[in-house]
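I have placed the structure first, in the form of structure tokens, so that the comments after it can refer back to it.
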There are 4 protein chains.
Amino acid sequence: MGIHERKQREKEQRRKQIMEAAKTVFSAKGFNRATMEEIAGEAELSPGTLYLYFKNKEELHTSLSINILQHLTEQMIAFVHDKNLDAMEKLMALKDVFIKVYEYDAMVLINLFHLQSGETLKNLSGPVLNEIKETSADAIGAITAIVQEGIDQGVFVERHPVALADIIWATYSGVVLWVDSKRLLNNEKDFVIQTLETAFELIAIGLTQSDKP
Amino acid sequence: MGIHERKQREKEQRRKQIMEAAKTVFSAKGFNRATMEEIAGEAELSPGTLYLYFKNKEELHTSLSINILQHLTEQMIAFVHDKNLDAMEKLMALKDVFIKVYEYDAMVLINLFHLQSGETLKNLSGPVLNEIKETSADAIGAITAIVQEGIDQGVFVERHPVALADIIWATYSGVVLWVDSKRLLNNEKDFVIQTLETAFELIAIGLTQSDKP
Amino acid sequence: MGIHERKQREKEQRRKQIMEAAKTVFSAKGFNRATMEEIAGEAELSPGTLYLYFKNKEELHTSLSINILQHLTEQMIAFVHDKNLDAMEKLMALKDVFIKVYEYDAMVLINLFHLQSGETLKNLSGPVLNEIKETSADAIGAITAIVQEGIDQGVFVERHPVALADIIWATYSGVVLWVDSKRLLNNEKDFVIQTLETAFELIAIGLTQSDKP
Amino acid sequence: MGIHERKQREKEQRRKQIMEAAKTVFSAKGFNRATMEEIAGEAELSPGTLYLYFKNKEELHTSLSINILQHLTEQMIAFVHDKNLDAMEKLMALKDVFIKVYEYDAMVLINLFHLQSGETLKNLSGPVLNEIKETSADAIGAITAIVQEGIDQGVFVERHPVALADIIWATYSGVVLWVDSKRLLNNEKDFVIQTLETAFELIAIGLTQSDKP
DNA sequence: AATGAATGAGGGTTCATTCAT
DNA sequence: CATGAATGAACCCTCATTCAT
């Protein structure tokens, strides 16, 4: 079993090595202009080897996104059940996770949000698609739980919690995509984090105040 | 002059004809899987003709986005200077424009928001890039003007107006992308408009209320 | 008939105008990279018009060569029958014509010599091919006549006059092609004329001296 | 080591296989009408494979020329340093090499001389261009050395040795191109070799005799 | 005669993927 | 498992040529 386990770990190790290389190349070239040969070169492997670990280029690409989505979701779930935090504190913790993940790997996160595109989504194989569906359901579920808790506690005003969760998630993705593209268009400094902070201020107010008088 | 003008109009007509066909094909296949030959067929023209009107596939694709962005911006600017509306009414008018444009052509709008992607942005020619930059600056400018007016009138609380405009725009794009992808993932009904309504409620509250107590 | 003649002259005029433009463009781009559209633009005509005067691109290209070949041949023939010159003087006159034509239009001359290529020759239509055959036969005939006269006069040693004419013509084309390409390869000054002068010295000696002792 | 060497040899083998096929196809169709697909078919390989060994069509074509130029140059250099030959004998040996190479592969040789064309030359990549420059400099250098030796020995009259080398090389290329094209034009027998023999007689006389009396 | 918009066949090239070693 | 040479389908784009006006 020692042998079997080591094999398993080596295999996992290779996958990571490839995904790391893929991240670098996709990041520099974008999906279309990146070639499997270049990724293989970056990973110091041969092209053929990539196909032992990933079914094809698309799934290698998607794996990057799934990875960060799982990472993000895990962290969100971690404090949802934390009894020591009230709903508003959880909302702020959510914001901090969003920012931390953005800081951790902006490019893969952007990539994840672009996955929300018909073109990409349509071409994924069933299992991969399911993994995405489930993980993103978990992510939205975690946000929904926070919102629901706030409503139950009377801290947040009563609205459809799933819609609110969608808005929070959408704001996150929208800010990351738009502010990042502004950076590219105008050679600006990176304002994503500041903008996220302000966006969450607005969201917090919107969630707590009943209505414009 | 009659001749010259008619020629001009015919040329404009052809561009539209091609863009219409391109929209159909890109919409059905996505950028990569769409072929110029198929677009030409859809437009009942020969492949070569496409290149008389668009430099290459990428610029044809981008033209669709620019088009809707200009359309959107024009409408936004239209009521910014309307003296009969106060800032909050303008904000609601903005929401209505957003919704109307989404209803008018969801697919091209989604396409526009995906243009905010490094991969696509990096490969555009100078003139096209400039057109995007300018038009999107106009769009953000229009939103900024509304927010600024609200602040000046004491209706909105004082915050950095550009950041707020970015957040509004980002929320729009985020909601459209995310809720649309949820529809694809889960074969859901289209909730984009309802979600946008709710999102704007939150934004309106966030803009008018100073802070959580 | 006045009308008919004027029409005729105008037509001739247009051909020249097109050939002039073609010369410019072929010269700058080479045959393959030159486009009919660009030639039309240079001639301030539309692409379609070119086809009223030349059957296709290849024959337009070849016409340039035929033109200079006829020009060259005419001048050679002019002094072949000049009773005031002896064979050696005629040989020197030949050299002068060669140089003058090179100076007049180096590019078209080079073009002519490249026509001596299987690829180009094989794709010409019958009539054009015949014109080339006849004119180049005339050219070689003129040189042969000079050599023959020299032999008859006992000035040149007895050898096969056609072979000698071929060698003279080949030397001309070889020097022009090779020295011009050296210019391109090494960014050298143009040494074609000096090299031709030296080459003809050698030829003159070779023709007059019987053999190495 | 055995493995590495064999791989190397196999690779070299493939290049030859492709060049052989290319020679056949270019020879039959000329550069423009030859297609990569046809060459691949002739080599019993797939089109893609060609691009593993040659950057593009042009460089495959040029490689053929460079090959024969190197072959020619090697042989010329071989006897330049032969102490057993005097200058005149070396000149005659040069002629023999010229003839042998022509007999060995006339078509590729003609191809080489056509490379001396602006159009082709301008579109070559730096490294390939350099290889041509260097090899043709070596070729001219070898001829120059012979001529210089003749002058030093007092066998040849004193003239600029480089110019003489150029003339010899130009005569070679001119005779091959022109007499071969005569063959094509008039369905003649192949007189290249006889003409070269006569040409070298003239050159020998021209080099040894001081001047027309 | 002149136009010039439209044509559409054609080919070079790329690159994800495979498979014999 | 790993390799990497070979594959070959696919596609963008060019441009000589045509023809309705």
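The values are calculated or read from the model by the stated rules, or taken from the named source; none is laboratory data. The structure displayed is predicted, hence computed values, not measured ones. FYI the Cβ positions are ideal-geometry reconstructions off the backbone, even for glycines, and counts take in every protein chain you see. All accessible areas refer to the heavy atoms of the entire protein, side chains included, with ligands and DNA or RNA removed. Shrake-Rupley method; radii C 1.70, N 1.55, O 1.52, S 1.80 Å.
Give the residues of region C:26-38 that are within 8 Å of DNA strand F (Cβ to nearest atom) and either more than 22 Å from the chain's Cα centre (by Cα) or open to solvent by less than 60 Å² (accessible area, probe 1.4 Å) (or both), sorted by residue number.
Residues satisfying the conditions are C:33, C:34, C:35, C:36, C:37, C:38.
Kindly list the number of the only condition in (1) outside any helix (DSSP H, G or I); (2) within 16 Å of DNA strand E (Cβ to nearest atom); (3) closer than 26 Å to residue D:193 by Cβ that fails for residue D:64.
Looking at each condition in turn, residue D:64 falls short on (1).
Table: residues versus (1) within 14 Å of another protein chain (Cβ to nearest Cβ); (2) farther than 29 Å from residue C:122 by Cα; (3) within 13 Å of DNA strand E (Cβ to nearest atom).
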position: C:20; (1), (2), (3): no, no, no
position: C:88; (1), (2), (3): yes, yes, no
position: C:95; (1), (2), (3): yes, yes, no
position: C:100; (1), (2), (3): no, yes, no
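Could you list all residues from region A:86-117 that are free of Cβ contacts under 8 Å to residues at least 40 places away in the same chain and open to solvent by 20 Å² or more (accessible area, probe 1.4 Å)?
Passing the criteria: A:89, A:93, A:96, A:100, A:104.
Regarding region C:107-129, can at least one residue be identified that is touching a helix residue (DSSP H, G or I) at 6+ places or on another chain (Cβ under 9 Å), more than 16 Å from DNA strand F (Cβ to nearest atom), among the basic types (Lys, Arg) and in a helix (DSSP H, G or I)?
So far as region C:107-129 goes, no, none of its residues is touching a helix residue (DSSP H, G or I) at 6+ places or on another chain (Cβ under 9 Å), more than 16 Å from DNA strand F (Cβ to nearest atom), among the basic types (Lys, Arg) and in a helix (DSSP H, G or I).
Does residue C:196 meet the test of being at pLDDT 95 or above and either assigned to a helix (DSSP H, G or I) or in the same structural domain as residue C:26 (by TED's automatic domain parsing) (or both)?
It is true that residue C:196 is at pLDDT 95 or above and either assigned to a helix (DSSP H, G or I) or in the same structural domain as residue C:26 (by TED's automatic domain parsing) (or both).
In region C:1-19, which residues are modelled with pLDDT of 85 or more and either open to solvent by less than 100 Å² (accessible area, probe 1.4 Å) or aromatic (Phe, Trp, Tyr) (or both)?
C:12, C:14, C:15, C:17, C:18, C:19
Which of the residues belonging to region D:130-154 are over 15 Å from the mean Cα position of the chain (by Cα), surrounded by fewer than 16 Cβ atoms within 10 Å (Cβ to Cβ) and within 13 Å of chain C (Cβ to nearest Cβ)?
D:130
Got a sec? Which of D:57, D:83 is within 16 Å of DNA strand F (Cβ to nearest atom), open to solvent by 30 Å² or more (accessible area, probe 1.4 Å) and either away from chain C (no Cβ under 14 Å) or out of contact with any strand residue (DSSP E or B) (no Cβ under 9 Å at 6 or more places or on another chain) (or both)?
Every option except D:57 fails the conditions.
For region D:60-80, give me each residue that is open to solvent by 40 Å² or more (accessible area, probe 1.4 Å), in contact (Cβ under 8 Å) with a residue 40 or more places away in the chain and of a type outside the set (A, V, I, L, M).
D:67, D:70
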